[in-house]
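Everything below concerns the one structure shown next.
The values are calculated or read from the model by the stated rules, or taken from the named source; none is laboratory data. If you're wondering where the values come from, they're calculated on a predicted model, not measured in any experiment. With ideal geometry, Cβ positions are generated from the backbone for all residues, glycine too; neighbour counts draw on all protein chains shown. All accessible areas refer to the heavy atoms of the entire protein, side chains included, with ligands and DNA or RNA removed. Shrake-Rupley method; radii C 1.70, N 1.55, O 1.52, S 1.80 Å.
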Amino acid sequence: MKTRSPLPRSYGAATYPVILACCVLALPALLQACGNNSPTPLTATTATTACAPPTTSAATTAICVYGQGGSFTANRDNNGGVSALSLSNPSALALDAQGGLYVADQYNNRVLHYPKGSITADQVYGQSGSFTTSAGNPSYTVASATSLEQPSGLALDAQGGLYVADTNNNRVLHYSAGAATADRVYGQGGSFTDGSGNHGGTVSASTLLHPFGLALDAQGGLYAADGGNYRVLHYPKGSTTADRVYGQPDFTTANPLASVSASSLNFPGDVALDAQGGLYVADTANNRVLHYPKGSTTADRVYGQSGSFTTATANAQGVSASSLNGPGDVALDAQGGLYVADGGNNRVLSFPAP
């Protein structure tokens, strides 16, 4: 069982909700690790490098496994050692136009890319090209355009560019298609060598504190769940200064609002966009998901609180089809149906399109 926190550094008042939300997001992996006392080690005979063709018609049976050398009965982190086949607490996924898979390999301080059909990564971000190292930058003052510290959010643009929420470096990085060196940084005033919270100063339209989920709109604008600042930011395409803030009255405030409302957020963990440009936010510490119409910073729909925008109680009337407890991730299907990772309730819920 893992014993270290996903976010080991302390930030005073922000520490508790940060650790709470991270533990919620990591809970399924932690439960799996604790529940198997005799994991199967990866050996030369069990390792494989490609996804096998389906051998069963059951849609609920996996046909491919990443991170365990092809073994469905192994569950160790970095099974066989850190390599192009191993993972340690994968925390986010993204698919490119060619069917390749990106994985935020959080505890290995890297992002891996796998070609379609292969379980062996062919590109690594955050480790200077090495598949056998996993160290994060040791302090905020030695971050670089090639380092990562517990990444936890991914997004891909139409040009194949990769966005990574470099959570413990308090920034978002952009990599052009095929490049493993970032060419744009959000949250650090343009500096690739600073990883301090809010760029070592006060909160603003160009700072971040523990960013998590990411999403891109049809115009190439970036949404970032700025969890430690209790807000979501929108950046116009190509700009590293936000032009819209959700959850706070302005760009220089970073506190959970005194009263829960349709305009407040408390440690948002993820974001997603619907076909109309509406924004969904997993408002993790408020035990709800909010929907905002395109361009508006006031929510018009709430999940998890029986329709109330002024309550934030987990499972207020008991666990039910309309309750939530620490939701950490959101996703939408092609029909507009909403999926919510209801972490504190150890389940995923599906809601029909509105």
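Specify the residue that is farthest from Phe267 (Cα to Cα); the eligible residues are those in region 328-340 that are in a strand (DSSP E or B) and open to solvent by 30 Å² or more (accessible area, probe 1.4 Å).
Of all residues in region 328-340, those in a strand (DSSP E or B) come to 328-332, 338-340.
Remaining after also requiring open to solvent by 30 Å² or more (accessible area, probe 1.4 Å): 329, 331-332, 339.
Details: Asp329: 12, Ala331: 18, Leu332: 21, Tyr339: 19 Å.
Among them, the one singled out is Leu332.
Kindly check whether there is at least one residue in region 179-188 that is within 17 Å of Val103 (Cβ to Cβ), in a loop (DSSP other than H, G, I, E, B) and not hydroxyl-bearing (Ser, Thr, Tyr).
yes
Where in region 63-131 are the strands (runs of 3 or more DSSP E), entirely inside, with at least 3 residues that are under 18 Å from the mean Cα position of the chain (by Cα) and closer than 24 Å to Arg171 by Cβ?
Here the list reads 90-95, 101-105, 110-114.
Just checking: which of the strands (runs of 3 or more DSSP E) contained wholly in region 221-327 hold 1 or more residues that are open to solvent by 10 Å² or more (accessible area, probe 1.4 Å), of a type outside the set (Asp, Glu) and over 22 Å from Ser204 (Cα atoms)?
Strands (runs of 3 or more DSSP E) meeting the threshold: 268-273, 288-292, 301-303.
When the residues of region 120-154 are filtered to those that are touching a residue at least 60 places away in the same chain (Cβ under 8 Å) and open to solvent by less than 10 Å² (accessible area, probe 1.4 Å), which remaining residue is farthest from Leu85 (Cα to Cα)?
Of everything passing the filter in region 120-154, Gly153 is farthest from Leu85 (Cα to Cα).
Which numbered condition trips up Gly197, out of (1) small (Gly, Ala, Ser); (2) farther than 24 Å from Asn109 by Cβ; (3) in contact with a Gly (Cβ under 8 Å, 6 or more places away or on another chain)?
Of the numbered conditions (1) small (Gly, Ala, Ser); (2) farther than 24 Å from Asn109 by Cβ; (3) in contact with a Gly (Cβ under 8 Å, 6 or more places away or on another chain), the odd one out for Gly197 is (2).
Give Ser263, Ser239 a once-over and let me know the one that is touching a Ser or Thr at 6+ places or on another chain (Cβ under 8 Å) and polar (S, T, N, Q).
None of the others qualify; the one that does is Ser263.
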